[in-house]
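One structure below.
What follows is calculated from the coordinates using simple rules that are stated; it is not laboratory data. Bear in mind the structure is a predicted one, so any value in this text is a computation, not a measurement. Virtual Cβ from ideal backbone geometry, glycine too; neighbours counted across all protein chains shown.
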Amino acid sequence: MSALAMPMSRPPSAVDLERSALNINPGGWAVEHARPITTLLGSCVAVCIYDPKLRIGGMNHFLLPDGSRDSVADDPTRFGVHAMDRLVGDANLPSGVEMLPGSIVYLDTDEGLTGISLGYGGAAIEGLFGLIEGADPREVVALWIRMNDFLHKAGNEGAACAAMSAIDMALWDLKAKLAGEPLWKTLGAKEGRVKAYASGLDYCLSDEELFRFYRRMAEQGIDGGKLKVGLDLKADLRRLGIMRDALSIASPRPVLMIDSNEYWSPKQAVRYICQLEQHFELQCVEEPARRWDYHGLRQVRQQVKAKVATGENLHTLRDVYPLIVNHAADIINVWTGQSGVTGLRQIAHMAHAYGLEVSMMNAQANYMAQIAAALPNHKMMEVVDPGREHCLKWDDRIEDGYIVLGNAPGFGIEIDEPKLRELQANPPTGRGKFPFPRREGAGRYIVPPAPGEVPWRSG
């Protein structure tokens, strides 16, 4: 096997080009260097544009301009004069960022199969590759142990953990591809579907944008949503009402969740959440205190009605262990950054042994639903604005509130390499900061957004 942090150039065959055709739905748009773009027209209009010098083509499927606020046709992000991308933010960075960087790993076998993973790690990936080079990718758990043992003194955290996670994911992708089946089957799932909830990463959205996002998700059957909160109680009450109203077409009692992203101290969290619970039935509060503060998280759990969820920013079972055994959480958040598929499953299975639920966080192209489908204690998976992913093709869809997985081998992800090279050569402006910083006063005092920092606060 060989590993590459950058994509390889593979000229597409005629069959590849036919299979890669991108179909856009009503209200959708696309710009492509290499792939053909298709759509199906009824009474609407499609506009096609092609630049013969740059060899770039685009298509926009315009909806009829009628309907009410409750109609998808009224969503300005579905029309051609508006871009699909938007900022995402939380209580620590309410102004938001446009895009976060990441790494793509390829593991090539002598048989011509390629394992792919999406994540982080950068140069640290190359430092671990020697441990798996020439090995049988079907021995993925043994290779995980080898990498974990190698990191014993340095500690499996930070860039080292990210690198290990990325390699482990690519190995699992290969293992499933060698078996000729989707990863959810390799992991032993009964069916390829996972309950979803909507998460807008939405602190920087205006009230109208907030409504449109959650209404769009509700139109796909999603009946739960998670709102970023923490800096302004009055505004959070208003925005919770907007989210509830938008989701109400999917359920008369939508599942309401909040996430403060570790902004509060335990006492701040209890006071703030209790005030919210006077007006709304909250199913879950995520990261109401620092990720490692199991005493403080347990305090919050004992004094609020909602379930407490945490864990997504921890690295290994070792890190999550104190939360579980000290009864500091009701739900453990899991994702592949916790030492890959192998490490994630260790955390989920321990939580299951203690009678705790797990919830999978969001991911590009919703690929982590492949793992969630095989976890016995999985509750719901976070979904963030599907379709915003750059350079990816994927084999899943949202239907009736579920992520429905296909039968493509492995994770079901393909990389659009021409589009990736274009993005690398011309990164978007206003990219923002990474990682998210910790906001001034966090854990000590609450600093509301400054005038103009978010669209809903002008003065």
- [ ] For residue 249 and residue 349, compute 0.36 nm times the residue count separating them, minus their Cα-Cα distance, and round to one decimal in nm.
- [x] 32.5 nm
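Where does each of 132-140, 241-249 land if you order them by average Cβ count within 10 Å, highest first? Walk me through the numbers on the way to the answer.
Numbers: 132-140: 16.0, 241-249: 19.4.
In decreasing order of mean packing, 132-140, 241-249 become 241-249, 132-140.
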Task: Net charge of neighbours whose Cβ lies under 13 Å from the Cβ of residue 404, counting Lys and Arg as +1 and Asp and Glu as -1 - done: -2
TODO: Can you put 334, 255 in order of Cβ neighbours within 10 angstrom, beginning with the fewest?
DONE: 255, 334
- [ ] Starting from the amide H of residue 410, placed 1.01 Å from N in the peptide plane, find each other amide H under 5 Å away whose residue is 5 or more places distant or on another chain.
- [x] 177, 181, 183
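Full extension from residue 274 to residue 111: what is 0.36 nm times the residue separation minus their Cα-Cα distance, to one decimal in nm? Don't skip to the end; give the middle numbers.
Working: separation 163, 0.36 × 163 = 58.68 nm, distance 5.83 nm.
Stretched fully, the residue 274-residue 111 segment lengthens by 52.9 nm.
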TODO: Would you mind getting me the FRET efficiency between residue 131 and residue 181? Use the beta-carbon distance for r and R0 = 25 Å, nearest 0.05.
DONE: 0.40
Task: Nonlocal amide H pairs with residue 398, under 5 Å, H built at 1.01 Å - done: 404
Task: Under 15 Å from the residue 22 label point (7 Å along Cα→beta-carbon), backbone N, region 398-420 - done: 414-420
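Can you work out the FRET efficiency for the pair residue 207 and residue 450, with r the C-beta to C-beta distance and R0 = 25 Å, to the nearest 0.05?
Result of the calculation: an efficiency of 0.85.
Note the full-extension length gain between residue 318 and residue 400 as 0.36 nm times their separation in residues minus their Cα-Cα distance, in nm to one decimal. Before the final figure, lay out the partial values.
Working: separation 82, 0.36 × 82 = 29.52 nm, distance 3.69 nm.
Here the segment from residue 318 to residue 400 would lengthen by 25.8 nm.
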Open item on the list: Between residue 55 and residue 38, what is the label-point separation in nm under the 7 Å Cα-to-beta-carbon projection?
Closed with: 2.3
Task: Derived scalar couplings ³J(HN,Hα) [region 308-315; Karplus, 6.51 cos²θ - 1.76 cosθ + 1.60; whole Hz; x for Gly, Pro] - done: 9, 10, 6, x, 5, 9, 9, 9
